[in-house]
Amino acid sequence: MKVVLAEKPSVARDIAKHLKATEKKQGYMEGNGWAVTWAFGHLVELKEPEEYKPEWKSWKLNALPIIPDQFELRTRQENSAREQLETIKRLFQESEEIICATDAGREGELIFRYILDWSGCENKPFKRLWISSLTASAIKKGFDKLAPGKDFDPLYHAAKCRSE
């Protein structure tokens, strides 16, 4: 099965329609050898300063700069976010191929990569769908021109640097 991760449910629906993945499941659409799922923004984010060291909770000039030895990820705290992440994780782990279909840009790339890392699938190869329109022809053209995910490593590194 191939898994597509979109950034928003509405985008996932448009992509699923194109791929003829029309069977509704909990947190994704399935069919025709595809599973199309979605994030809703940043489901995985950097930990807050006080999660590294309690004394970083109140910002004091003498504690700056606040830079942990290693930046760590956490899930967004709402139950709906955690449930959706578990669905994405299961789909990623079961997939034969992953397609990143988050928004074309730095933040979309970061959203996907943080989820990929959190799910334990950071070493799985993936492809990137790079589209700026959701018309049927744009989606088709995008799937005809899927690029290796590693081609977008510089964009991810820029996004990660900004985030940290």
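The values are calculated or read from the model by the stated rules, or taken from the named source; none is laboratory data. In this text the structure is predicted, and so the values were computed from the model without any measurement. Here the Cβ is made from the backbone with ideal geometry for all residues, glycine too, and neighbour counts use every protein chain on show. These accessible areas exclude ligands, DNA and RNA; they are computed on the full protein's heavy atoms, side chains included. Shrake-Rupley method; radii C 1.70, N 1.55, O 1.52, S 1.80 Å.
Which pairs in the list 89/140; 47/124; 20/140; 24/127 are over 19 Å apart, alpha-carbon to alpha-carbon? In this structure, 89/140; 47/124; 24/127 exceed 19 Å between Cα atoms. When 157, 42 are compared by accessible area at a 1.4 angstrom probe, the order from most to least is 157, 42.
Within the shell of other residues whose beta carbon sits under 10 angstrom from the beta carbon of residue 125, the net charge comes to +2, with Lys and Arg scored +1 and Asp and Glu -1. Using the Cβ of residue 22 as centre and a radius below 15 Å, the other residues enclosed give a net charge of +2, where K and R count +1 and D and E count -1.
Taking every alpha-carbon pair under 8 Å whose residues sit at least 6 apart, the chain reaches a relative contact order of 25 percent. Annotation: per residue accessible area for the chain equals 56 Å², rounded to a whole number [probe 1.4 Å, protein chains only]. Determine the shape class of the range 16-134: with a ≥ b ≥ c the square roots of the Cα gyration tensor eigenvalues, call it rounded for a/c under 1.5, and otherwise prolate if a/b is greater than b/c, oblate otherwise. In terms of gyration-tensor shape, prolate. Report the net charge of residues surrounding residue 73, where surrounding means a beta-carbon distance below 9 angstrom and charges are Lys +1, Arg +1, Asp -1, Glu -1. Around residue 73, the charge tally is -1. The trypsin sites (Lys or Arg not before Pro) of the range 98-153 that meet both conditions, a loop assignment by DSSP and at most 12 other Cβ atoms within 10 Å of the site Cβ, are 145. Under 19 Å from a label point set 7 Å out along the Cα-to-Cβ vector of residue 151, the amide N atoms of the range 109-132 belong to 109-110, 112-113, 124-132. In the assembled protein chains, residue 132 presents an accessible area of approximately 120 Å² (probe radius 1.4 Å).
When the solvent-accessible area of the chain is split by element, carbon and sulfur atoms take up 50 percent of it, the probe being 1.4 Å. Dividing the helix sum by the residues of the chain, where each DSSP H run of 4 or more adds -39500 (n - 2.57), gives a mean residue ellipticity at 222 nm of -11500 deg cm²/dmol.
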